[in-house]
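A short worksheet on the structure shown next.
The values are calculated or read from the model by the stated rules, or taken from the named source; none is laboratory data. Values in this document were obtained by computation on a predicted structure and should not be read as measured data. Virtual Cβ from ideal backbone geometry, glycine too; neighbours counted across all protein chains shown. Protein only, heavy atoms only, side chains kept; ligands, DNA and RNA dropped before computing areas. Shrake-Rupley method; radii C 1.70, N 1.55, O 1.52, S 1.80 Å.
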Amino acid sequence: MNIKEFQAEQTRLLEQAAQERRATALAHPNIALIKYWGNENDELRLPANPSLSMNLGDLQTVTTVTFDDNLTGDVLTINKVKFSGPALKRVADSLDLVRNLAGISSPARIDSESNVPVGSGIASSSAAFAALSLAATAAAGLDLDEAGLSRLARRGSGSASRSVPGGYCEWVTGTDQTSVATSIAPPGHWDLRDVVVVVSQEHKEVGSSGGHPLATTSSLQAARVMGVPARLAACRAALLARDLAVMGPIIEEDAVIMHAVMMSSQPPLYYWTPTTLALILAAQQWRTEGIPVYFTIDAGPNVHLICEVTHAEFVETKARKIAGVQAVISSKPGGPARLVG
Ligand code: PMV
C-alpha cells in the first residue's frame, strides 16, 4: 500500500468508526535510545528532558474501543482478562480526556490484545496508550492530527507520545500544547534490530509511573537532564547518518546515566540483576570480536541489544546462551499508530 492508499484507507476507517462508535487501532511499543526520566509536571506528563526512540515493528498492541450507552461503566479486557482497579482507572482517565474533547459521557468497552510481555521492561504502556488514544478518538467521532494524538497518548504514558508517529521519533519538552513527538526518519531509513533479551518477566515493584516522581530525589538528575540536549543532538546526527559506531556509545552512556539516577534516588531503584550486568559485559566482549552491538536498558532488568540486521542472528544466538536469559525477542523498526478496523 502506498502513502496515498494508506491515507484513503485511514479516512474510510475514521468515517466508519464515527458511524459505529467503535474503532480498532494498532500501535507498536518503542525503545528509547535517549531516555525520558522524570517529569516537569507529573499530571500532564511533561518530561524533564527530550528523548529519542525507535518503534518496534514486531511487537504490537491492537485495541478496540466501543462507546455504548447500555454500559454502566468502562469495561477493560487485556488479552481476554478483565481488569479493574488501578489499570482500569488509568485507562478510564485517558478516556475521560477523549470524552471531554468530544463532549460525550458514554461509557466504553476497551478490548486490547498485545504480544508485548507486560511488565517486562519493554515499554508495553507506550503501545497501549498510543493505540487507545487513536481508537478512542476515532470511536468518539474525533479526527485528531498526529500532534493531537501524540499529546493525548502522552497523558496516558509519556513514552506513548513516541509510539504515535512512525519509525524513529523525537519527543520534545514544552507545554501541554507543544510537548509532542514527531518522526525524524521512517522505519526504512535504517534496518536496525532491537534484540530484546528478557531476563525477568516478573512485574516490577516500582514501574515507570512510580519512578518518574522519584527522579528529582537523586542529586544526579539535574546533571543528567543538563547533558541530554548534547547527547540527543549527537545521537540524532549519528542516526540520520546511519553511524552505529558513533551512536552506540552515546545510547549506552545515556542509559547508564539514567540508571545511576534511579539507583541514587530516595528510595533507590535497582532494576539490574546479575544477568543484566552479564549482558552489558557480553556486548563489550562481542564488540572486541568485531560485532557492532550496543545495549540500552529501560525501567527493568531486560537488556535491549541494538545492532544492524546483518548481526542480529549472531547476537540472538549468543544472548540465548547466557545463564539467566529467559527469552530473546528481536524486532525491526515499526510504523506509526494506525486504524485497522
Ligand atoms: O512512558 P513511561 O512513563 O512508561 O516511562 C518510560 C521510561 C523509560 O522507559 C525508562 C525511558 C523511555 O524514554 O522510554
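Looking for something within 15 Å of the ligand (Cβ to nearest atom), modelled with pLDDT of 95 or more and of a type outside the set (Ser, Thr, Tyr) - is there at least one such residue anywhere in the range 275-288?
Checking the range 275-288: not a single residue is within 15 Å of the ligand (Cβ to nearest atom), modelled with pLDDT of 95 or more and of a type outside the set (Ser, Thr, Tyr).
Among all residue pairs at least 6 apart or on different chains, which show Cβ distances below 6 Å where the first residue, located in the range 312-341, is assigned to a helix (DSSP H, G or I) and the second is basic (Lys, Arg)?
Ala312/Arg193
Can you list the strands (runs of 3 or more DSSP E) found entirely within the range 73-122 that contain at least 3 residues being over 27 Å from Gly211 (Cα atoms) and modelled with pLDDT of 95 or more?
Because the criterion is at least 3 residues that are over 27 Å from Gly211 (Cα atoms) and modelled with pLDDT of 95 or more, the strands (runs of 3 or more DSSP E) in the range 73-122 that meet it are 108-114.
Search the range 15-35 for residues being part of a helix (DSSP H, G or I) and open to solvent by 40 Å² or more (accessible area, probe 1.4 Å), and hand back the single one that is farthest from the ligand (Cβ to nearest atom).
Only one residue tops the list, namely Gln19.
I'd like the full set of residues that are closer than 26 Å to Met263 by Cα and in a loop (DSSP other than H, G, I, E, B), limited to the range 184-207.
Within the range 184-207, Val199, Ser200, Gln201, Glu202, His203, Lys204, Glu205, Val206, Gly207 meet the criteria.
Here are some residues: Ala278, Ala283. Which one is open to solvent by less than 20 Å² (accessible area, probe 1.4 Å) and free of Cβ contacts under 8 Å to residues at least 60 places away in the same chain?
When all the criteria are applied, what remains is Ala283.
Any residue at all in the range 160-183 that's in a strand (DSSP E or B) and either open to solvent by 30 Å² or more (accessible area, probe 1.4 Å) or within 30 Å of Ala323 (Cβ to Cβ) (or both)?
Within the range 160-183, one or more residues are in a strand (DSSP E or B) and either open to solvent by 30 Å² or more (accessible area, probe 1.4 Å) or within 30 Å of Ala323 (Cβ to Cβ) (or both).
Just need a number here: residues in the range 36-63 that are away from the ligand (no atom under 16 Å from the Cβ), of a type in the set (A, V, I, L, M, F, W, C) and over 21 Å from Asp93 (Cα atoms).
Total meeting the criteria: 0.
Determine which member of the set Gln266, Gln201 is open to solvent by 10 Å² or more (accessible area, probe 1.4 Å), at pLDDT 95 or above and either more than 13 Å from the ligand (Cβ to nearest atom) or closer than 22 Å to Ser159 by Cβ (or both).
Gln266
Tell me whether the range 66-78 contains one or more residues that are among the β-branched types (Val, Ile, Thr) and in contact (Cβ under 8 Å) with a residue 60 or more places away in the chain.
Yes, the range 66-78 has at least one match.
Going by what's in this entry, would Leu220 be described as under 29 Å from Glu113 (Cβ atoms) and in contact with a helix residue (DSSP H, G or I) (Cβ under 7 Å, 6 or more places away or on another chain)?
Considered against the rule, which asks whether it is under 29 Å from Glu113 (Cβ atoms) and in contact with a helix residue (DSSP H, G or I) (Cβ under 7 Å, 6 or more places away or on another chain), Leu220 comes out as no.
Taking the criterion of being away from the ligand (no atom under 13 Å from the Cβ), open to solvent by less than 20 Å² (accessible area, probe 1.4 Å) and under 21 Å from the mean Cα position of the chain (by Cα), would at least one residue in the range 64-87 satisfy it?
yes
With (1) assigned to a loop (DSSP other than H, G, I, E, B); (2) at pLDDT 95 or above as the list, and Pro301 as the residue in question, which single condition is left unmet?
Single failed check for Pro301: (2).
Can you go through Ser157, Ser200 and tell me which one is touching a Lys or Arg at 6+ places or on another chain (Cβ under 9 Å) and among the polar types (S, T, N, Q)?
None of the others qualify; the one that does is Ser157.
Somewhere in the range 208-218, is a residue more than 13 Å from the ligand (Cβ to nearest atom), under 25 Å from Trp272 (Cβ atoms) and either outside any loop (DSSP other than H, G, I, E, B) or free of Cβ contacts under 8 Å to residues at least 40 places away in the same chain (or both)?
yes
Among the residues of the range 329-338, are any open to solvent by 40 Å² or more (accessible area, probe 1.4 Å), out of contact with any strand residue (DSSP E or B) (no Cβ under 7 Å at 6 or more places or on another chain) and closer than 30 Å to Ala136 by Cα?
There is at least one residue in the range 329-338 that is open to solvent by 40 Å² or more (accessible area, probe 1.4 Å), out of contact with any strand residue (DSSP E or B) (no Cβ under 7 Å at 6 or more places or on another chain) and closer than 30 Å to Ala136 by Cα.
Taking into account only those residues within the range 302-325 that are open to solvent by less than 20 Å² (accessible area, probe 1.4 Å) and not β-branched (Val, Ile, Thr), which is nearest to the chain's Cα centre (by Cα)?
This residue is His304.
With the structure loaded, tell me whether Ala260 is assigned to a helix (DSSP H, G or I), touching a residue at least 24 places away in the same chain (Cβ under 8 Å) and farther than 21 Å from Pro50 by Cα or whether it fails that test.
The answer is no for Ala260.
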